[in-house]
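Please treat every number below as a calculation from the coordinates, not as lab data. The structure displayed is predicted, hence computed values, not measured ones. Positions of Cβ are generated from backbone atoms using ideal geometry, with glycine treated the same way; all protein chains shown enter the neighbour counts.
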Amino acid sequence: MGYVHFDFTEIERQMRAMRDDAFVQAMSSATNDLQRQGFEAQNRFFESMLSAQIEMLRMVAEGRSPKFVGRVIGAHVGNIMINAISASTDPRALGDAMYDAMGKAIRSLAGEVEGFHSTMIEVSGEAGGRA
């Protein structure tokens, strides 16, 4: 089984720099308090999102199959969704908004989606060796 070596320190550095730049740009272009509050709220989740992405890359580096990685990440995201819905004062509204945001995030893989901003970092590793 082959493995892929990722420079996790460099990936973290690049993602933090990209977040810092995007946050400054988003805050300066926000036209109202609600937009600014949204950007600030998303920023609060950056560390947990970064941690999950690094762990996903670790699984890839270990040689785990795409199906395995997809199931682990899917379960992780699903757990967050279920817990958020169960803690909400309006589960239906929260679920509908989350479903809409997830759909936009997935559609953004094919190109720009109106009303949605996503960032993607190109991550490449060096293949070789054995796991």
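For the stretch 1-64, the Kirkwood radius over C-alpha pairs fed into Stokes-Einstein at 10 °C and 1.306 mPa s yields D = 118 µm² per second.
Per-residue 3J(HN,Hα) values for the stretch 62-75, derived from phi via the Karplus relation 6.51 cos²θ - 1.76 cosθ + 1.60 with θ = phi - 60°, read 6, x, 5, 6, x, 5, 4, 4, x, 5, 5, 5, x, 5 Hz in sequence order (x marks Gly and Pro). In order along the stretch 81-87, the Karplus-derived 3J(HN,Hα) couplings, from 6.51 cos²θ - 1.76 cosθ + 1.60 at θ = phi - 60°, round to 4, 4, 5, 5, 5, 5, 8 Hz, and Gly and Pro are given as x. Under a 5 Å amide H cut-off, with hydrogens placed 1.01 Å from N, Gly63 pairs with Val4 among residues at least 5 apart or on other chains. Here the Karplus curve 6.51 cos²θ - 1.76 cosθ + 1.60, taken at θ = phi - 60°, turns the phi angles of the stretch 18-29 into couplings of 5, 4, 4, 5, 5, 5, 4, 5, 5, 5, 6, 9 Hz, with x standing for Gly and Pro.
The loop-placed trypsin sites (Lys or Arg not before Pro) in the stretch 1-64, going by DSSP, include none that has at most 13 neighbouring Cβ atoms within 10 Å of its Cβ. In whole angstrom, note down how far apart the Cα centers of the stretch 40-58 and the stretch 63-107 are. Result: 14 Å between the Cα centres.
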